[in-house]
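What follows is a short report on a single structure.
The values are calculated or read from the model by the stated rules, or taken from the named source; none is laboratory data. Keep in mind that this is a model prediction, so the values were computed, not measured. Glycine gets a Cβ as well: all are built from the backbone with ideal geometry, and neighbour counts include every protein chain shown. Please note that ligands, DNA and RNA were not included when accessible areas were found on the heavy atoms of the full protein model with its side chains. Shrake-Rupley method; radii C 1.70, N 1.55, O 1.52, S 1.80 Å.
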Amino acid sequence: MQLLPLLAWALLPGCGAVTGPCTVWGYLGDSLSVTCTYRRGWEKLPKFWCIPMTEIVYTCAWDIVITSESQPEVVQGRFSIRDNRAHRTFTVTVDGLSKEDEGTFRCGVRTGAFSFDESADVKVIVLPAVTPTSQDWEQTAGGGFTPSVTGTRGPDAPQGTRGTFRYFPVLAGLQLLALLAMIAAVLWVSVRGR
């Protein structure tokens, strides 16, 4: 009876043999990198990034980019994959993110013709591009403009913190003014008391 749950777990895709992030975010037009790990002994097997097949589980509809034993690093258009065999990790990079790059993909290891690929599903979310506003730039003494440190936090920011760093200089300035007012009051009381 206890063998059945163990067998069911072993048939799950990945089952710990290949791991990757569940969800990743990137901005439209930017680059996105996803790193997946695999187990010892699979260093020379092909690593892939693919679109999963919906009809048959554990397989790919087609490979977007894949390595080989002789090519641990492959570039295919906007997609690249690099297998770091010493650390048993491989990284997929997508350049020039578009809305078509959004969805569920699979990072995995091609283990052989008669066995299922070992893989992990990764959900990719593409967010609108972040364009700087006039508030996000500061004028330099020479007349040029530089990015301000008061930009908006990314999607991994805890709820309620996005955009709060924009007000940091204002808060710091108010604290400085309050400190100066306290120092002036202490000096005024001490001078008046003489």
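Quick notes on this one:
- Test: residue in the stretch 21-30 that is open to solvent by 60 Å² or more (accessible area, probe 1.4 Å) and under 18 Å from residue 110 (Cβ atoms): no
- A Cβ distance below 8 Å, combined with a sequence gap of six or more or placement on separate chains, defines the contacts here; from the stretch 60-77, residues that are under 15 Å from residue 112 (Cβ atoms) reach residues that are at pLDDT below 95 and in a loop (DSSP other than H, G, I, E, B) in the pairs 60/53; 60/117; 66/110.
- 2 or more residues within 23 Å of residue 126 (Cβ to Cβ) and either more than 24 Å from the chain's Cα centre (by Cα) or of a type in the set (D, E, K, R) (or both): qualifying strands (runs of 3 or more DSSP E) within the stretch 27-70: 60-66
- Within the stretch 71-103, the set of residues being assigned to a strand (DSSP E or B) and under 12 Å from residue 34 (Cβ atoms) comprises 79, 80, 81, 82, 89, 90, 91, 92, 93, 94.
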